[in-house]
1. What are the membrane-span-like helices in the chain by this rule: whole DSSP H runs, Cα extent along the axis at least 18 Å, mean Kyte-Doolittle hydropathy at least 0.0?
2. Take each of the peptides 138-147, 230-239, average the number of other beta-carbon atoms within 10 Å over its residues, and list them starting from the highest.
3. Show me 738-744, 506-512 ranked by packing, highest mean number of other Cβ atoms within 10 Å first.
4. Taking the Cα centre of the chain as the origin, how large is its charge dipole in debye, to the nearest 20, when only Lys and Arg (+1) and Asp and Glu (-1) carry charge on their Cβ atoms?
5. Just check segment 69-190 against the gyration tensor rule for me: Cα atoms, a ≥ b ≥ c as the square roots of the eigenvalues, rounded for a/c under 1.5, and otherwise prolate or oblate depending on whether a/b exceeds b/c.
6. Evaluate the chain: find the radius of gyration of its Cα atoms, find its Kirkwood radius, and give the ratio Rg to Rh.
7. Roughly speaking, what is the stretch gain from ALA24 to TRP748, that is 0.36 nm per residue apart minus the C-alpha to C-alpha distance, in nm to one decimal?
8. Could you order the peptides 322-333, 776-787 from most to least packed, using the average number of other C-beta atoms within 10 Å per residue?
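None of the figures in this text is laboratory data; all of them are computed from the coordinates on show. Predicted, not measured: the structure shown is a model, and the values here were computed from it. Cβ atoms come from the backbone with ideal geometry, glycine included; neighbour counts cover every protein chain shown.
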Amino acid sequence: MLESIAQDVRFALRALARSRGVTATAVFTLALGVAATAVIFSVVYALLLSPLPYRDIDRAVVVTLRGVTDVGGWKGRTSFSSSEFDAFRAGNHVLEDAMGGRTLTVLYEDVGSTRIFRGAQVTSNAFDFLGIPPRLGRSFTTADGQPGAPAVFAMNDRIWRREFGADPSILGRTFQLNGSVATLVAIMPARFQIYGADIWMPMADADWGAGLAFMGRVQAGVNVPAAAADLDAIAQRFAAENPRGNFPERFVTVVRPYLDTVVGDFRNTLYGLLAAVLLLLGIACSNVANLLLVQATVREREIAVRAALGASRGRLVRQLLIECLVLATAAAISGVGLAWLGLRVVVALMPAGVVPAETAVAMNAPVLVLAIVIAVATAVLCGLAPALVDRELQSRTGSASRSGAPRGGRLRSVLVVAEVALCVLLLTGAAHLMRGYLQLTRVDLGFDPRNVLFVRPWFPAAYDTAEKKNAFTRQLLERLKGMPGVLSAAESMLVPPLTHDWSDTIIPGKPHVERWETRFEVCSETYFDVLGLRAVRGSLFTAADVQARRLVTVVNQAFADQYLHGEDPIGQRVRFQVLDRPFLDAPHNVYFEIVGVVANHKTWGGEWQTVPQAFLPYSVQGFSWRTFLARTSVAPDALQRSVRDAIWAIDPRVGVSAAGSIEGSLRDFYRDPRFDLVTLGAFALIGLGLVAAGVFSVMAYVVSTRTREIGIRVAIGALGRQIALMVMRTGGRLIALGYVLGALAAYWLSRVAAGWLPGSSAPDPLMLAAVGVVIALVGLGACLLPALRAARVDPVVALRVE
């Protein structure tokens, strides 16, 4: 038996070697399909099936509050005070355990240098909750969270290697962090990246304060709705007992699986790519099936002779099976190699921030097994299908091949139509993404984002009042305005146009039933000059207004149009309810006078929007971030160090938590849709190439099998162009049918997707027409060479073959 199998393997190698062109094309086509599938399945496996290394992460949940008041109030919050945290942890009946944490900026001071690290304060049980022991050192203990305990911290693997050369002797050393001495007690493993921090510090119970994210682990058998109901009862009771607490007027407690929060909307992208790669695999399978079907028909005489000599059907099928397995082995090896290269490209293109830092996207055993199974299954099904369909192998004779009618023609046609239809789906998806990407990136924002630097300082605890922050702001603005390369400088709360804060809005004498949501900015009087926003009515607030902390505001044209309906906005009074929260350092229950209206500029809110906006003097509040903007005459990044030096010249205790340019932040923002476009576009181009190869191979075979017929047509007077048109029509009918089926499928799928994928829309006629033109050009171009070959058939040679 083994000797017989070995003989079949040798025969298979010789048979495949005799048809080098077909073999190479089939291996390459199948390898492309396997590689694309392996790449996307690697990403899906890493992000959806094994994204995080923490213990029982599938039962981890995060807790937030969501306001449900239609008008007034606010939308809720994602963090809690220490007393609220304790109430959740002690009073629930659904959680095994819980941990809390919050992010902060850590200023690391060394001899002659100061560096900024991303930090996180966590409850002392955090490492035990997550089930990850340190790489070196010890976990935090309950004693570390006691008031007055010596300060300790843990460091992540990346910082340990980058800043300290992976030196294990630094364990136990003391460091200056945020002006205090702390001892390094742990180096965490590479995949431990909770809160995306470089440094973790245990928080003392007395220092918890507010701003603590709550993560719990539900008990086995408890579902998310049951956990939400239990924790909501605790929150409602706590709010009733603390009427001055930080709660919306009406709210619900929201519990979400932690895995949903870390992958987020990128899950839809993965599903889309998974569907695209399956379409591409379908095209590859159809192509391979067509190639092997043609090859089987060419070998029909050989198979018939072997059957006539006594070979059983089982032996013939076994021979074909071994040939398929040899082909699959070559395709699997090639596909895994291509997947390894492709995965590196895909990981490099992935948008920053959408993939958790803990996630390791790499080829792994499950994906390799999947790639091999796909290669083997595809090759076997495609290779054996012709033999299994033909149930009269043993009755075939050598003359069967001379009948002039190509065997399996209907099956080959069906496969070509399927290839074209699948490619239409891919091209339509790519065209849809292209249109969306162009609409996203070519929008007129209403201001020029080029050459605008932003720097966000980090203030130590000493800056605890608005007066102290205002004094620092005035000094830094003066320094920035005199800096070489700076044309103008301003202060703002956030960086436009991607980030914003908002407030419910009240205008006396303007009752309304819907929520009036205004996006607001607290800024200096020079903010409008930096962005190039011009006043269209009234005037802008002045430096004197900012210095005196006057309650004045500038609104945009959308605010005036939507809320005042043509009335003169100048002199109108408006109240921003966000300032009324008792825990904020801001004036409460006050009205701001509108002194001017500026032109609209767009902000992001799921799409580019022109919405009501208001601008307040930064000096009236002390609770928000302070961000400094500068329009420059040179590359913004070249001035970051100068701005940092200016900050330290004012106060060396103040660090820099973020810096960059508005244009750079937009480029980063565009990476997500660009990733979708590039990956799906690459799949569509590969699919288009495979369709061209499939159409060409089928039409070339059709011409070769109809040589006698073509010779007769030429002999009785048919012109070469008529023969060429006959071949082109044959291929054109298949391409047209495939296009129609693909277009109908694209329209139907878009209607289905509209129910679960926000923003999806049906392909418009222009898009479908463009896809049709591309398919026609590529498909008919693939028919052209066989058609020209048919037009040059010599009737004497063709008839002599008989």
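1. Length and hydropathy pass: 2-18, 20-44, 224-241, 266-298, 313-349, 365-389, 409-441, 662-705, 720-753, 765-791.
2. Output ranking for 138-147, 230-239: 230-239, 138-147.
3. 738-744, 506-512
4. Dipole of the chain, to the nearest 20 debye: 3700 debye.
5. Because a/c hits 1.5 or more and a/b exceeds b/c, segment 69-190 counts as prolate.
6. 1.08
7. That pair, ALA24 and TRP748, stretches by 257.0 nm at full extension.
8. So the peptides 322-333, 776-787, ranked by packing, come out 322-333, 776-787.
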